[in-house]
Amino acid sequence: MATETPKYKVMQQDGDFEVRQYEPRIVAEVLVEGDMDAATREGFRKLAGYIFGDNHIKAAQPVTISAETSSKIAMTAPVSIEPMEDRKSFATARTWRVEFTMPNQYNLTTLPRPNNASISIREIPSRRYAAVRYSGMNTEQRINEETQRLEDWAHKQGLSISGMPELARYNPPWTLPMFRRNEILFPLRQD
């Protein structure tokens, strides 16, 4: 069974670079502090707990009594991390937003609520992004190089970046580096 990913339409393509129009999506996210690797591990742990059942849904019982139950949520890809302070370098940021996209079958009303108060649920409206895809390991140097490449390409295309870069990882950590799908994305100014 294929892992669900956010839906988007490619508006422009140039080798590894794309401009994409993403459909609206719901994400579960958590803010964590530390270096990128520590923040990724902590954010992933908290969000994985949520999708594996550390959540609650209100279920109506036949006698009109409301009961709390939990639900497992299917894993989606990518797992994304975004620096909150420094647009230029993933190496210097100390606060991060880690997010999982929720499966399309849910809306804000039907999605289970996290038991962990540090996890928030929000809807991201339809939005355009510039993206670059690459394989291999995500070292700080590689991430910063790909971020700079994408920023340079976007400027050459006359695109206006309007937010922080996002690192999207699509594969589990045991995937061989040459088969990994990684992306850097920049939100674009909506015209």
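The single condition from (1) more than 22 Å from residue 7 (Cα to Cα); (2) modelled with pLDDT under 95; (3) surrounded by 15 or more Cβ atoms within 10 Å (Cβ to Cβ) that residue 81 fails is (1).
The single condition from (1) surrounded by 14 or more Cβ atoms within 10 Å (Cβ to Cβ); (2) over 22 Å from residue 48 (Cβ atoms); (3) without any contact (Cβ under 8 Å) to a residue 40 or more places away in the chain that residue 73 fails is (2).
Any residue at all in segment 109-120 that's modelled with pLDDT of 95 or more and within 16 Å of the chain's Cα centre (by Cα)? Checking segment 109-120: at least one residue is modelled with pLDDT of 95 or more and within 16 Å of the chain's Cα centre (by Cα).
The rows are residues; the columns are (1) outside any helix (DSSP H, G or I); (2) surrounded by 13 or more Cβ atoms within 10 Å (Cβ to Cβ); (3) touching a strand residue (DSSP E or B) at 6+ places or on another chain (Cβ under 8 Å).
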position: 9; (1), (2), (3): yes, no, yes
position: 19; (1), (2), (3): yes, yes, yes
position: 31; (1), (2), (3): yes, yes, yes
position: 40; (1), (2), (3): no, yes, yes
position: 44; (1), (2), (3): no, yes, yes
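With the requirement that a residue be assigned to a loop (DSSP other than H, G, I, E, B) and under 14 Å from residue 18 (Cβ atoms), what does segment 155-191 give you? Answer for segment 155-191, where residues must be assigned to a loop (DSSP other than H, G, I, E, B) and under 14 Å from residue 18 (Cβ atoms): 157, 159, 181. Where strands (runs of 3 or more DSSP E) fall entirely within segment 68-154, those with at least 1 residues that are farther than 17 Å from residue 35 by Cα are at 95-101, 119-124, 127-134. Would you confirm whether any residue within segment 75-92 is out of contact with any Phe, Trp or Tyr (no Cβ under 7 Å at 6 or more places or on another chain) and basic (Lys, Arg)? Checked against the condition, which is being out of contact with any Phe, Trp or Tyr (no Cβ under 7 Å at 6 or more places or on another chain) and basic (Lys, Arg), segment 75-92 yields at least one hit. Just one of the numbered conditions (1) modelled with pLDDT under 95; (2) exposed (fewer than 15 other Cβ atoms within 10 Å of the Cβ); (3) touching a strand residue (DSSP E or B) at 6+ places or on another chain (Cβ under 8 Å) is not true of residue 160: (1). The residues of segment 138-152 that are within 20 Å of residue 13 (Cα to Cα) and buried (at least 18 other Cβ atoms within 10 Å of the Cβ), listed by number, are 146, 147, 150, 151. Of all residues assigned to segment 106-129, at least one qualifies as being among the aromatic types (Phe, Trp, Tyr), more than 16 Å from residue 43 (Cα to Cα) and surrounded by 13 or more Cβ atoms within 10 Å (Cβ to Cβ).
The values are calculated or read from the model by the stated rules, or taken from the named source; none is laboratory data. Just so you know, these numbers come straight off a predicted model, no measurement behind them. Heads up, the Cβs are rebuilt from the backbone with ideal geometry, glycines too, and the neighbour counts pull from every protein chain shown.
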